Amino acid sequence: MLRLLLCVLFLCGAARAFAIPQVVLVQNSGWMEPFYTDPNSALKPLVTELVSNVVQGGDALVLASFNQSLPGAPSPHGLLSEQVDAATVHAHVQKALAGLDTARKPNGAALADTDLGEAVNAAVNGVLRGKPGIVWLVTNNRNSPNNDQATAARNREFYELIHRGAAIDEALAFPLRMPVAGAHYRANGLMVYAFAVGREGARALDGLIAGGRVRRVITEPPARLKPLDRDTVRLVPRRVENAPGVEFSMDRSGLLHADVAPDARAPSATIRWHLENTIYPYTILDATLSASSTLAGETRPIALQGTAVRQLAPGRAEPLASNMPLPVAQLPGKWSLAALKSAGSAYVLPGRIDVHLQGQHLALSQAFRERMAALFPGDPLPDIFTPPSEIRASTASLPLEVSVHYGAGPLVLLIGALAALLAAGVGAAWAYARPRQAWVTVEDEPRSVRTRAGATQPIYDKAGQQVARLKTTLFGHQLIDLREGAQVRLGR
């Protein structure tokens, strides 16, 4: 079944090369029994709506159930594989899930066990074969291969795969409240994981989150499992001081704009920021902060008034003041070629601000621990959210765009000067090339000579002997090389 899914998946992907394939795995082991037997269970509607919102027309989609693979009972088990048609995907997913129920072992008596790691590995290595994609995992977080009751140890193995697995670039978790009751078990919550495979998969997942397509179905914020060493904080500018002609603003995409007047020459500016923790659900217990800016290929340190971060809860911000060097030396003057090319628009200098946290210590926020305990009572899962011990630093990059708005005045003056110079050149060329008439008197005989500027003509007497030469310039005529005793003069 997986081979068939794989073939269909990549045939679909070939039709839309830039699409990111998505694999959706839905747990149906024995631990999921109440989610299938409770008539009020929202499991299948949730999966249907989630898939319908995160895929687009032309995407390659694989939908499969999973438990634990045994001889005669393979897992994952394919339910749907297609190139997505936006008009039909909702109905197709709904139909594929309609008959899904809890699975049993091959002997038909005991309910199937669960192996989360096996399911993720099958999707990443078996279906995607390590190529970029997104894997969604819908589970109740009970990882118990071979009915192992040591779920804490099995969950730890699962998170080792997430944190240290090279194939997974980004991992998010959405804990959801979904109280259900079945004949054997009761449950309060469900977990939806999203694993991005490869950088392209991570960019696609970030786009789904930023674009609000997941939020249409799941309103809870995602808990980040990976990465924990980048983009842990965010800088939001509040105001700029001691830098006339410089203004900072931030757009909705997180790009920081610095608008600099053409005559601004302040070498640095005092910028007051909000430093925000963006790594939900972790509190930054302590870290040492440093920052630098890179503009025009030159990296310079940013002087911070405070470098210690303490007890910064997720989503919270604290004030931070800095003295940031401004790229006034790299900005072209208003008479430069770059400025003249940008006349009437903006000259843009791209760059970035890098924030570094050293000695970073993270801890799950108390609110998240309490929420997880309510959703998954008796499950030691929150302890396994603890970041790997080797992660003790992180970096956050803030894209920066410096814009200088040059007026059209210098360009207009330059165009006027060029036009005047061109007119003068045309006039000089006409004056140089036009025919001229000169009068020369030779032995009391006046003669008219046709000439032009730059020409030199010989003058002969009545006997045919050269007695002089007539040189013509833009400014008049001149007799040169006069023969001694010759009777020749300019004029009549």
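Observations
- Charge dipole (Cα centre; +1 on Lys/Arg Cβ, -1 on Asp/Glu Cβ; no other charges) of segment 125-216 amounts to roughly 280 debye.
- Put the Cα centre of segment 274-299 next to the Cα centre of segment 156-188 and the gap is 29 Å.
- Charge dipole magnitude, Cβ of K and R +1, D and E -1 - segment 434-490, Cα centre, debye nearest 20: 420
- Net charge of neighbours whose Cβ lies under 14 Å from the Cβ of His274, counting Lys and Arg as +1 and Asp and Glu as -1: +3
- Test item: Cα-centred dipole of segment 74-198, Lys/Arg +1 and Asp/Glu -1 on Cβ, debye: 240
- Put simply, when 454-462, 96-104 are sorted by average Cβ atoms within 10 angstrom per residue, most first, you get 96-104, 454-462.
- Between the alpha-carbon centres of segment 104-123 and segment 198-256 there is a gap of 38 Å.
- Close amide H pairs (under 5 Å, H built 1.01 Å from N) link Leu295 with Arg300, residues at least 5 positions away or on another chain.
- Aspartates and glutamates with Cα under 19 Å of Lys471, excluding same-chain neighbours fewer than 8 positions away: Asp461, Asp481, Glu484
- Which of His77, Leu63, Thr219, positive extreme of dipole for segment 2-226 (C-beta unit charges): Thr219
- Here the peptides 64-77, 362-375 are ranked by packing, the mean other Cβ count within 10 Å, and the order with the highest first is 64-77, 362-375.
Rule-based calculations on the coordinates, nothing more; no lab input. The model shown is predicted, which means the values in this text are computed figures rather than measured ones. Please note: Cβ atoms are built from the backbone with ideal geometry, for glycine as well, and neighbour counts cover all protein chains shown.
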